[in-house]
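Worksheet: one structure, shown below.
The values are calculated or read from the model by the stated rules, or taken from the named source; none is laboratory data. None of these values were measured; they are calculated from a predicted model. Glycine gets a Cβ as well: all are built from the backbone with ideal geometry, and neighbour counts include every protein chain shown. Calculation scope for accessible area: heavy atoms of the full protein, side chains included, ligands and nucleic acids excluded. Shrake-Rupley method; radii C 1.70, N 1.55, O 1.52, S 1.80 Å.
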Amino acid sequence: TALIDAPGPLSGRHAVVTSGPTHEPIDPVRYIANRSSGKQGHAIAAALAALGCQVTLVTGPTRLTDPAGVDTIHIESAREMLAAVEAALPADIAVCAAAVADWRPAIEAGQKLKKQPGGALPPDIRLIENPDILRTISAPGPSRPALVVGFAAETEQVLDHARAKRARKGCDWIVANDVSTGTGTFGGDDNAVHLIDADGTDSWPAMTKQAVADRLARRIADHFAAPTTKDSA
Ligand code: CTP
Ligand code: CA
């Protein structure tokens, strides 16, 4: 895909966006995954590009086509996603919309696991924690993007959990959404989110994921247009 520097409020900026699920291998034919569709992350990548931003989209396996005008990198596992994100830096903006698997099988079998004869128990799959991409790139350092935006998928106490998550991860903004019921569930076209920054919480009405993406991209452009903002405090 050609990276044409389209004119717009984010011209000259580079954004890295993560999207989709990750697949964590069990053996050569099996993996652990989740229900993320990638719709929100892909829409954000496209919305940033539409404002003139150079966008690198690092995506897990989805059914979506690569957004036009976006440099799209396909990965499968969380560790591959982290490596691709780090290779894409430096960036002014990072938006972590991927539903990264929190855990992966501790051991990836080199051969397909086989049923044992004689009614032996099924294998125990021991899990270990994956690297946290959002927390890694939010850490202070020379390659930290000026604006790091995370998502918080919650099923209860959405705002409290999301505010705690913002502090724990060290990111600047958190987009919180309730994935328990109705609007915002994985796979749907609509989303109802709260944008949390250092100054407070902005609750947006339910809208399409495309509209959430456009509004977030616009808000990011406004942030870079107003250097006096305290958003990154
Ligand atoms: N995230 C990430 N790498 C991980 C886990 C999460 O980059 N290994 C990012 C997601 O892309 C999202 C944010 O962290 O932007 C929050 O993800 P979420 O699953 O809501 O939070 P967790 O910290 O994993 O906590 P939990 O799932 O226990 O609520
Ligand atoms: Ca998680």
Quiz item: Looking at the stretch 59-106, what strands (runs of 3 or more DSSP E) fall wholly within it and have at least 1 residues that are buried (at least 18 other Cβ atoms within 10 Å of the Cβ) and under 15 Å from the mean Cα position of the chain (by Cα)?
Solution: 71-74, 93-96
Quiz prompt | Enumeration of residues in the stretch 161-174 that are without any contact (Cβ under 8 Å) to a residue 60 or more places away in the chain and touching a Gly at 6+ places or on another chain (Cβ under 8 Å) | solution = Lys165, Arg166, Lys169, Trp173, Ile174
Practice problem: Could you check, for the stretch 107-127, whether at least one of its residues is in a loop (DSSP other than H, G, I, E, B), within 16 Å of ligand 1 (Cβ to nearest atom), modelled with pLDDT of 95 or more and more than 13 Å from the chain's Cα centre (by Cα)? | Solution: no
Practice problem: May I ask you to verify whether Val158 is surrounded by 16 or more Cβ atoms within 10 Å (Cβ to Cβ) and free of Cβ contacts under 8 Å to residues at least 60 places away in the same chain? | Solution: yes
Practice problem: Mind counting the residues in the stretch 170-211 that are open to solvent by 40 Å² or more (accessible area, probe 1.4 Å) and either of a type outside the set (Gly, Ala, Ser) or more than 19 Å from the chain's Cα centre (by Cα) (or both)? | Solution: 18
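Output the residue which, of all residues in the stretch 128-156 that are of a type in the set (S, T, N, Q) and within 11 Å of ligand 1 (Cβ to nearest atom), is farthest from Gln54 (Cα to Cα).
Out of the qualifying residues, it is Thr155.
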